Structure formats: C-alpha cells, structure tokens
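Worksheet for the structure shown next.
The values are calculated or read from the model by the stated rules, or taken from the named source; none is laboratory data. Remember, it's a predicted structure, so these values are computed and weren't measured experimentally. When we count neighbours, we look across all protein chains shown, and the Cβ atoms used for this are built from the backbone with ideal geometry, even at glycine.
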Amino acid sequence: MGLHTNKNLLREMSLFRRVNAPMRSMSSPIRRTSSLGKKPLVIAHRCGGGEAPENTIAAARQSLENASSLILHVDLLLTADKQVVCFHDQEPHERNMLKMTGRDSSIRFFDFNHLPPLLSRIPTNPLCDLGSYVDTTKYTREGRKICKFEDLCEAFIDVPMVLELWGDDPTLVERVHEILFSFRRAKNVVWGNRFSVKIQRACEDYDHVIPTFSTASQWSWLYIAYYTGVLPFLPIQHFDVFNAVLINEAKWRRLLIGSLGQNFLSDLVVLVFNVIQRTLNWLLRAPKMFEHLQARGIPVVAFVVNDKEEWGYACSKNMAAICTDYPARFNAFSNTAPVVSPPVSQQDMKAASSTKPQSREQRRHTSFNEYRNGRL
C-alpha cells in the first residue's frame, strides 16, 4: 500500500515527460503563431468576459472584432443530458450559475433545453475591475444565453482556442474530443485544467497529440525546481504551455477584501498581507525562468492580466501571449506601448519558411487521420 501511494505521489511530482511531448509543445497554436510575432498574442479569457457576457458567442465575436492575433479561452462543462456548454461554474468561489442566471444551482443538474437565460446585468469575474458589470440587454440572443461548444466551433471555425474543462465526469473529455474531431479542430487547440492534474491526465490519455497547459501543482514544482537550481537539468513535465501568474499589488489587495471583507482587515492583517504579497510578487515574477522555458520551446502565457501594469510587464518580458478579460482594451494599450521584438530561433524561421499556407476549405477537409499520422 505504501509503495503504491509513493508511486502515485512521484507521478504527481515528477518533472519528467513523455517522448512525444517536445514535438507536441512546438506544434501548439500558441507556439506556432507567437514565435514570429512582435507582440504577444491575445487570449480572450472567457471569450472576453470583461467586455461582454462571458463564454458566449457574442463575447467571442466582439473580441475578434476589436483585437488582433486573438485566441479564444473557453470554459467547458457538461449538462445533465451530456451536452458540452461554454460556462464557468466553479464552486464555491464564484457560484456563476447564481451570478449569471439568478438560479442557485449547477449546470450539471439542467438539460440544455432547460437552461435559464442570462440575467440582464452580470457582475464580471473577480480578476476584472472591482464592481464592474456587463449589460446583456444590448446584445442579440447570442449574448443572452448559454451556448453549446458546437455552436462556438461552427461560428469560429478557424480561430485557435484554449479549452478549460471543468468537472469530474470522464464523459466530458470524450465529448469535447468528438466535437473537435467533427470540426477538424484538434490541431488548433490547447486543452486541460489549471487546477486538476486528473483532468490533464485524462486529456493526455484520450489524445496525446493535443497540447495541454500547466496545472497548479506542476506550476508550483517548476518554481521550486527553478529556485533550487535544478530546472536546467530536468526535462519539462507533461504540460506544453506554462501559465505565469503576474497579479499586481492592487489586485492582490482587492482579492483579499473580496475574500475576508473590509471589516476583517485590521492594521496587523494588512501589514502581514503586504509582506506576503510583495514576497509572492518577487518570487512569481521570474523573467530568467520565463526566458529559459521559451528557449526550450515552452510558450509562457501571462494568465490572467487585466491592467496596464500587468500588461506592460508581460510585454517587456517577451511573453508568448497574454490572457485577459479585456482584449479590446489591451489592443489599444499595445498599439501605443513600445514593441520589443522577441528572439526568433533558426528552427522557427525554417519551419515558417517551409510551411505553405492553406485555404480555409483545405484546412476544413484535411483528414483527421492524416493529421494524427503526420504528428506521431
């Protein structure tokens, strides 16, 4: 029993990866698109949930109209009748079903046809501007209802996506993969879950070709390896995209107030919090580690950054992409901010010069089996 437990623990903590993973990392849509660009890619968190109703077709459409080099970040869940919908329902932190529909329940208890409509006024997620709301009345039906993942894929057939799967139902990975297969989209996505190694492993086991992003435990062990000096000597673990947390001081304080309430913030609590927050910021902002990862073919994404200070830092460190709830706002910022060209490796230049552009029809009709065989 003890040996079995130790093996499981080693698997969770291991920094070793599968043989095919480096090729998978190089082929991720974030790595492919960002390696030759001058600005970081824009990943619209929850399809741009700070500027439109989160995880809706309307939000995705608005983000694509107002930002360049865009990738959509989408949260996916299963309904009671096993339909994949675009929704973030993490409990107890946000209770999004209550926040967005007024129903204090969970998506998994509803059939898709019985899902309630979105409220006319929806608070944004905790990483957005404090106290901000999104007015859904100015949108068409696409912005006032919970949408199916199939509908999002059909509406944006060529747009790369970062898919975050939620829930313990193993059917979710299977259903998401079926949809990706039907739309020939498997080569244009990254999937997984930031907090669940279990979901990441399920994604890898179901299709080991599709890239995954780092989980919280992998993120923690990577920082430990970096600060102990062993990272350069270790292969990177299963993930193919690294999510860097770059929350600034003001946002840390806002999150603390939201968690404890203003009445609990005595002078001593604030003092201790400030010391912890500044220490965390010093540890988490590790530009040498970011450079090391990107040199090894692992794109680094600033996740989730929503103000000028965070954007400026991410751009100055040549990160591959920034994930934000405000893609249009970031686009305006990046157009005025000075641009630093990231280093382009000879391998990236050779790959770019040897790749022939395909038409939309050619991409849609490329055989999925040919794609898999070509990547293995």
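Before moving on, here are some points about what is shown:
- Matching residues in segment 103-156 - criterion: being of a type in the set (Ser, Thr, Tyr) and more than 22 Å from Tyr326 (Cα to Cα): Ser105, Ser106
- Residue in segment 171-182 that is surrounded by fewer than 21 Cβ atoms within 10 Å (Cβ to Cβ) and in a loop (DSSP other than H, G, I, E, B) present: no
- Among all positions in segment 199-209, there is no residue which is surrounded by 17 or more Cβ atoms within 10 Å (Cβ to Cβ) and among the hydroxyl-bearing types (Ser, Thr, Tyr).
Conditions tested, residue by residue: (1) modelled with pLDDT of 85 or more; (2) under 20 Å from the mean Cα position of the chain (by Cα); (3) part of a loop (DSSP other than H, G, I, E, B).
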| residue | (1), (2), (3) |
| --- | --- |
| Thr279 | yes, no, no |
| Val305 | yes, yes, yes |
| Val344 | no, no, yes |
| Asp348 | no, no, no |
| Lys356 | no, no, yes |
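- Annotation note: of Lys145, Lys198, Lys187, Lys138, the sole residue that is out of contact with any strand residue (DSSP E or B) (no Cβ under 8 Å at 6 or more places or on another chain) and modelled with pLDDT under 90 is Lys187.
- For first residues located in segment 41-65 and at pLDDT 95 or above, partners that are of a type in the set (Lys, Arg) and lie 6+ apart or on another chain with Cβ distances below 7 Å form the pairs Glu54/Arg46; Asn55/Arg46.
- Some residue of segment 135-151 being of a type in the set (Phe, Trp, Tyr) and under 26 Å from Arg185 (Cβ atoms): yes
- Selection of segment 184-219 for residues being under 12 Å from the mean Cα position of the chain (by Cα), free of Cβ contacts under 8 Å to residues at least 40 places away in the same chain and under 14 Å from Gln237 (Cα atoms) yields Thr212, Ser214, Thr215.
- Checking Ser28, Ser14 one by one, the residue that is of a type in the set (Ser, Thr, Tyr), over 15 Å from the mean Cα position of the chain (by Cα) and modelled with pLDDT under 90 is Ser14 and no other.
- Lone unmet requirement of (1) under 25 Å from Val159 (Cα atoms); (2) out of contact with any helix residue (DSSP H, G or I) (no Cβ under 9 Å at 6 or more places or on another chain) for Ala67: (2)
- Filtering segment 288-319 to residues that are in contact with a strand residue (DSSP E or B) (Cβ under 6 Å, 6 or more places away or on another chain) and closer than 17 Å to Val190 by Cβ leaves Leu293, Gln294, Ile298, Pro299, Val300, Val301, Ala302, Phe303, Val304, Met319.
- Checking Ser69 against (1) within 16 Å of the chain's Cα centre (by Cα); (2) modelled with pLDDT of 90 or more; (3) over 26 Å from Val173 (Cβ atoms), the condition it does not meet: (2)
- Residue count for segment 307-336, restricted to those that are part of a loop (DSSP other than H, G, I, E, B) and surrounded by fewer than 24 Cβ atoms within 10 Å (Cβ to Cβ): 3
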